[in-house]
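Structure record follows, encoded as structure tokens.
The values are calculated or read from the model by the stated rules, or taken from the named source; none is laboratory data. Just so we're clear, the structure is a prediction, and the values are computed from it rather than from any experiment. Every residue, glycine among them, receives a Cβ derived from its backbone with ideal geometry; neighbour counts consider all protein chains shown. Keep in mind that these areas ignore ligands, DNA and RNA; they rest on the heavy atoms of the full protein, side chains included. Shrake-Rupley method; radii C 1.70, N 1.55, O 1.52, S 1.80 Å.
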Amino acid sequence: MTAAPSSPDTDVVCLGESMVTFRPATPGPLADVPSFDRGIGGAESNVACSLARTGHTARWISRVGTDGFGAHLVTTIAATGVDTASVQYDPHRPTGIYFRTAGERAVSADPGASAASVVTAVSTAPATASTAPEAAVEPVSEVVYY
């Protein structure tokens, strides 16, 4: 991918993949959730959007599929004031999506885990007198990438 050079007025250029994320409309395991709310995820675009919202000029460089999810990402990110002119549309690969539970984000012990893998994380920290019982064990979180 060849990106256009940033202009001198661009404060930050963020480069990387963003994905459409689906979060359950109600709490519970992914297998039991009847509907999902759509959003966007990706550290690079999240940083660019946050900077643009606070008055900085930011550019996001990436590649998305030529599908509705790619269009949603670019439109949503551009709506925050981020320059998306360098985003390319790939007709051969779909835009990435992922589903996650409403609980805390999961932590993968295997950064090379394959697509469509389920990652769960449970805190096993013992409860102490100084911690509330509900804070001792975090809810199990599921994340499935496609």
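Leaving out ligands, DNA and RNA, and with a 1.4 Å probe, what % of the accessible surface on the range 16-73 is carbon or sulfur?
On the way: 1500 of 2770 Å².
Carbon with sulfur: 54 percent of the solvent-accessible area.
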task: Would you calculate the separation in nanometres between label points at Ala78 and Asp32, each defined as 7 Å from the Cα along the Cα-to-beta-carbon direction?
output: 4.2 nm
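Tally Lys and Arg at +1 and Asp and Glu at -1 over the other residues with C-beta under 11 Å from the C-beta of Ile77: what net charge comes out?
Details: positive: Arg59; negative: Glu44, Asp83.
So the environment of Ile77 carries a net charge of -1.
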task: Using only protein heavy atoms and a 1.4 Å probe, report how much of Cys49 is accessible, in Å² to the nearest 10.
output: 10 Å²
- line: Counting only protein heavy atoms and rolling a 1.4 Å probe, one gets per residue an accessible area for the range 1-85 in Å² of 52 Å²
- prompt: Between the DSSP loop rule and a limit of at most 15 other Cβ atoms within 10 Å, which trypsin sites (Lys or Arg not before Pro) in the range 1-90 are left?
  reply: none
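Extension gain Arg93-Thr54, at 0.36 nm per residue separation less the Cα-Cα distance, in nm?
Working: separation 39, 0.36 × 39 = 14.04 nm, distance 3.30 nm.
Roughly 10.7 nm would be gained on extension.
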